[in-house]
1. Within segment 45-70, restricting attention to residues that are touching a Ser or Thr at 6+ places or on another chain (Cβ under 9 Å) and of a type in the set (A, V, I, L, M, F, W, C), which residue is farthest from Ala19 (Cα to Cα)?
2. Within segment 24-37, can one find any residue that is closer than 15 Å to Thr64 by Cβ, of a type in the set (Val, Ile, Thr), at pLDDT 95 or above and surrounded by 14 or more Cβ atoms within 10 Å (Cβ to Cβ)?
3. Quickly run through segment 34-44 and pick out the residues that are of a type in the set (A, V, I, L, M, F, W, C) and within 17 Å of Glu59 (Cβ to Cβ).
4. Quick test for you: out of Arg77, Arg21, pick the one residue that is of a type in the set (D, E, K, R) and in contact with a helix residue (DSSP H, G or I) (Cβ under 6 Å, 6 or more places away or on another chain).
5. Within segment 1-23, work out how many residues are closer than 14 Å to Asn75 by Cβ and either aromatic (Phe, Trp, Tyr) or modelled with pLDDT of 95 or more (or both).
6. Within segment 38-57, track down each residue that is of a type in the set (Lys, Arg) and exposed (fewer than 12 other Cβ atoms within 10 Å of the Cβ).
7. Could you run through segment 36-60 and say how many residues are under 18 Å from Phe14 (Cβ atoms) and either within 15 Å of the chain's Cα centre (by Cα) or not in a helix (DSSP H, G or I) (or both)?
8. How many residues are over 22 Å from Ile25 (Cα atoms) and of a type in the set (Gly, Ala, Ser) when one looks only at segment 37-82?
Amino acid sequence: MVNFFKKKVWDKPFSEKVARRVRRIPTNDLMVWADQTVYEIGKLISIYERHRTEVALKELLDATEALHAVVNELNTRTNINI
C-alpha cells in the first residue's frame, strides 16, 4: 500500500523553517535579501576573527544557511539549473 502522507526526506543544508520563510519573500526582493545577508556574513566573520566565540560562530552559520536558502530559492524560481 502506498502511503501518500509520508513526509519527504529533507536533504538541503538549511532547515525547513528557513526555507519556508524564504518562500514567502517576493521574487523581486530575493536579491536584496541576498545582498543584505552577504553584508551580515562579512560582519560576522570579522566578529568571529576577533572574539572566537561559539555565539559568533552560530550566528555565522545561521547567516550562511539563510544565504544558501535565498540563492536556492532564486534558482528555483528562475528555472536556471546549473
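The values are calculated or read from the model by the stated rules, or taken from the named source; none is laboratory data. Worth saying up front: this structure is predicted, and the values here are computed from it rather than measured. Positions of Cβ are generated from backbone atoms using ideal geometry, with glycine treated the same way; all protein chains shown enter the neighbour counts.
1. Filtering segment 45-70 down to residues touching a Ser or Thr at 6+ places or on another chain (Cβ under 9 Å) leaves 47, 63-67, 69-70.
Then keep just the ones that are of a type in the set (A, V, I, L, M, F, W, C); that gives 47, 63, 66-67, 69-70.
On the way: Ile47: 26, Ala63: 13, Ala66: 8, Leu67: 11, Ala69: 6, Val70: 8 Å.
Among residues in segment 45-70 that are touching a Ser or Thr at 6+ places or on another chain (Cβ under 9 Å) and of a type in the set (A, V, I, L, M, F, W, C), the one farthest from Ala19 (Cα to Cα) is Ile47.
2. At the first step, the residues of segment 24-37 found to be closer than 15 Å to Thr64 by Cβ are 33-37.
In the following step, the residues that additionally are of a type in the set (Val, Ile, Thr) were identified as 37.
Now restrict to residues that are at pLDDT 95 or above: 37.
Subsequent filtering for residues that are surrounded by 14 or more Cβ atoms within 10 Å (Cβ to Cβ) retains 37.
Within segment 24-37, one or more residues are closer than 15 Å to Thr64 by Cβ, of a type in the set (Val, Ile, Thr), at pLDDT 95 or above and surrounded by 14 or more Cβ atoms within 10 Å (Cβ to Cβ).
3. Of the residues in segment 34-44, the ones of a type in the set (A, V, I, L, M, F, W, C) are 34, 38, 41, 44.
The answer is Val38, Ile41, Leu44.
4. Arg77
5. Number of matching residues: 1.
6. As a first pass, look at segment 38-57 and keep what is of a type in the set (Lys, Arg): 43, 50, 52.
Within segment 38-57, Arg50, Arg52 qualify.
7. So the first thing to find is which residues in segment 36-60 are under 18 Å from Phe14 (Cβ atoms), and the list is 36-38, 40-41, 44, 57-60.
Adding the requirement that they be either within 15 Å of the chain's Cα centre (by Cα) or not in a helix (DSSP H, G or I) (or both) leaves 36-38, 40-41, 58-60.
Residues flagged as under 18 Å from Phe14 (Cβ atoms) and either within 15 Å of the chain's Cα centre (by Cα) or not in a helix (DSSP H, G or I) (or both) within segment 36-60 amount to 8.
8. Count: 3.
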